[in-house]
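Chemist: So that we are looking at the same thing, I have put the structure below in structure tokens.
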Amino acid sequence: MTVHKIKLRDLDEKFIQDLRDKLGDEDIELEIRISAGHGDCAGKEMNEDLFWKTIEKFDWEKEGDDKAVMEPAIRFLSQCSIKNIKAFHNILSEKLYSLDGERYARQTGSNVYSENGPFSVDVFLYARCCVVANGKEYYEHVLQDPTEMPKGLTFESILNLPAYAFELKTGLEFVHVPSKNYETFFNAEGWNEPTPRII
């Protein structure tokens with residue numbers, strides 16, 4: 001048995017013709033394996049570092065098309081095991097849950113939380129998504145200093161990132177309940193007001 005290891009970009013007509021010249025009309029069996037190269041997701045356990053490495057793949061030059069921004073991260077995450085895609089979803093839920101609190105909601109621009117005014121729970125969630133989408137350094141900064149919450153900026157689409165990666169990997173619908181409920185007001189410790197006025 002002969003094994004050829006080749007990069008996909010080098011699998012050109014010349015390589016195929018060389019095989020034809022050597023093997024003629026022989027039947028061959030072609031097996032494609034994706035190697036886990038340095039820095040790749042494949043073969044590694046999902047953890048904080050790999051989570052943030054995935055987020056770092058966002059292509060902000062495509063800003064305005066959220067899925068296009070996330071596309072490199074989607075491809076990267078799709079190389080992970082199904083277990084790791086679910087673990088990514090869990091870590092994402094934990095990050096959003098940690099930002100679910102009154103001290104953050106009071107710093108969100110026009111959707112600022114107050115006892116007497118209307119407050120959109122969805123817009124607040126999407127603002128928290130924006131924090132995570134902007135990477136580890138910004139997330140940790142906001143976590144310590146709520147005044148740095150984004151004003152009028154959202155990135156709802158990050159909620160779909162694990163589903164997109166799972167679908168790309170398997171062709172199936174992603175069904176997974178994350179470890180934390182990141183919807184607004186579910187982090188009880190983050191809220192002093194048990195029944196806020198919402199819209």
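The values are calculated or read from the model by the stated rules, or taken from the named source; none is laboratory data. No experiment lies behind these values; they were computed from the predicted model shown. When we count neighbours, we look across all protein chains shown, and the Cβ atoms used for this are built from the backbone with ideal geometry, even at glycine.
Chemist: Give the stretch 89-99 a look and list any residue that's under 15 Å from G190 (Cα atoms), outside any loop (DSSP other than H, G, I, E, B) and of a type in the set (A, V, I, L, M, F, W, C), or say none.
Modeler: If the condition is that a residue be under 15 Å from G190 (Cα atoms), outside any loop (DSSP other than H, G, I, E, B) and of a type in the set (A, V, I, L, M, F, W, C), then L96 is the only one that fits.
Chemist: How do the pairs read when you match residues in the stretch 115-127 that are assigned to a loop (DSSP other than H, G, I, E, B) and at pLDDT 90 or above with residues anywhere that are surrounded by 19 or more Cβ atoms within 10 Å (Cβ to Cβ) and aromatic (F, W, Y), using Cβ under 6 Å and keeping only pairs 6 or more apart or on different chains?
Modeler: Between residues of the stretch 115-127 that are assigned to a loop (DSSP other than H, G, I, E, B) and at pLDDT 90 or above and residues that are surrounded by 19 or more Cβ atoms within 10 Å (Cβ to Cβ) and aromatic (F, W, Y), the close pairs are F119/Y113.
Chemist: Within the stretch 141-175, which residues are surrounded by 12 or more Cβ atoms within 10 Å (Cβ to Cβ) and either aromatic (F, W, Y) or farther than 23 Å from V121 by Cβ (or both)?
Modeler: H141, F155, Y164, A165, F166, E167, L168, K169, T170, F174
Chemist: Counting just the residues of the stretch 133-163 that are in a loop (DSSP other than H, G, I, E, B) and aliphatic (A, V, I, L, M), which one comes out nearest to K67 (Cα to Cα)?
Modeler: Ranking the qualifying residues of the stretch 133-163, first place goes to L153.
Chemist: Of the residues in the stretch 100-113, how many are outside any helix (DSSP H, G or I) and either among the polar types (S, T, N, Q) or under 14 Å from T154 (Cα atoms) (or both)?
Modeler: Residues in the stretch 100-113 being outside any helix (DSSP H, G or I) and either among the polar types (S, T, N, Q) or under 14 Å from T154 (Cα atoms) (or both): 3 in total.
Chemist: On to the next question. Return yes when Y138 is within 18 Å of L50 (Cα to Cα) and surrounded by fewer than 16 Cβ atoms within 10 Å (Cβ to Cβ) and no when it is not.
Modeler: Yes, satisfied.
Chemist: Let me ask another. Out of the stretch 39-71, which residues are of a type in the set (K, R) and modelled with pLDDT of 95 or more?
Modeler: Within the stretch 39-71, K53, K57, K62, K67 meet the criteria.
Chemist: Going by the conditions given, is L172 part of a loop (DSSP other than H, G, I, E, B) and over 29 Å from E61 (Cβ atoms)?
Modeler: Here the answer is yes, as L172 does meet what is asked.
Chemist: Does P146 count as touching a Phe, Trp or Tyr at 6+ places or on another chain (Cβ under 8 Å), of a type outside the set (A, V, I, L, M) and at pLDDT 95 or above?
Modeler: Yes; evaluated as a whole, the condition is true for this residue.
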